[in-house]
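**Student:** I am attaching a structure below and will ask some questions about it afterwards.
Each value in this text was obtained by applying a stated rule to the coordinates, not by laboratory testing. For clarity, every value in this text was computed on a predicted model and none was experimentally measured. For neighbour counting, all protein chains shown are included, and Cβ atoms are generated from backbone atoms with ideal geometry for every residue, glycine included.
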Amino acid sequence: MEKIILGFAGEIASGKGTATKYVVEKYNAVPDRFSTMLRDILKRVYVDQSRDNLQKLSSALRQNFGDDLMAKVIFEDAKKNKNSILVIDGVRRLPDIKYLKKLPEFKLVYVEVDMKKRFERITKRGENSDDNTKTFEEFQKDHEREAELRIKDLKNHADYVVENGGTLEELHAQIDKIMAECQNGR
């Protein structure tokens, strides 16, 4: 089987992580996340891993080292990885896609769901230090930040679009269909 590299994009709490976890568990994929490198830096410098700090660091790195810096890291990691299936959680920008599409095995999957459902998910999961206390108004403001503004446009560049407003089984079925197409060389 040829290598398969799926990149998941979508707005905050759309289900990118859930989709990634499913591919990792069912298809023995190796996961990677754009935010991992940011979390590593924040942890190393003893700074809180809040969404605000992650976005500030991302902006600073991209501003000083190029808009595609993080995609270059993911790209190099993917090239070195010998596993046949890789999954990348958190593709956020057009320069990321343009860079990652240099890998012929790369396919972009856009995950979408309405804002109310995403808000419910983010406050339940509490991945970032400020998620559990976030109000709906604060969640809406999060979408106005530089790191979030262009995400919806990524749907126009996706190889696949997954609607994640239903059940977990429905999400899994959509991903299974994508994996079958990728394994058959689409």
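**Student:** Which log10 I(q)/I(0) values does the chain give at q = 0.11, 0.13, 0.17 Å⁻¹ under the Debye formula, counting every alpha carbon as one identical point scatterer?
**Tutor:** -0.46, -0.66, -1.16
**Student:** OK, next. At 7 Å along the Cα-to-beta-carbon direction for both R44 and D67, put a label point, then send me their distance in nm to one decimal.
**Tutor:** With each label placed 7 Å out from Cα toward Cβ, I get 2.6 nm.
**Student:** Rounded to the nearest 500 deg cm²/dmol, what is the calculated helix-only ellipticity per residue at 222 nm for the chain, with -39500 (n - 2.57) per DSSP H run of length n ≥ 4?
**Tutor:** Per the formula, -15500 deg cm²/dmol.
**Student:** Relative contact order for the stretch 4-183 using alpha-carbon pairs under 8 Å, separation at least 6, rounded to a whole percent?
**Tutor:** 35 percent
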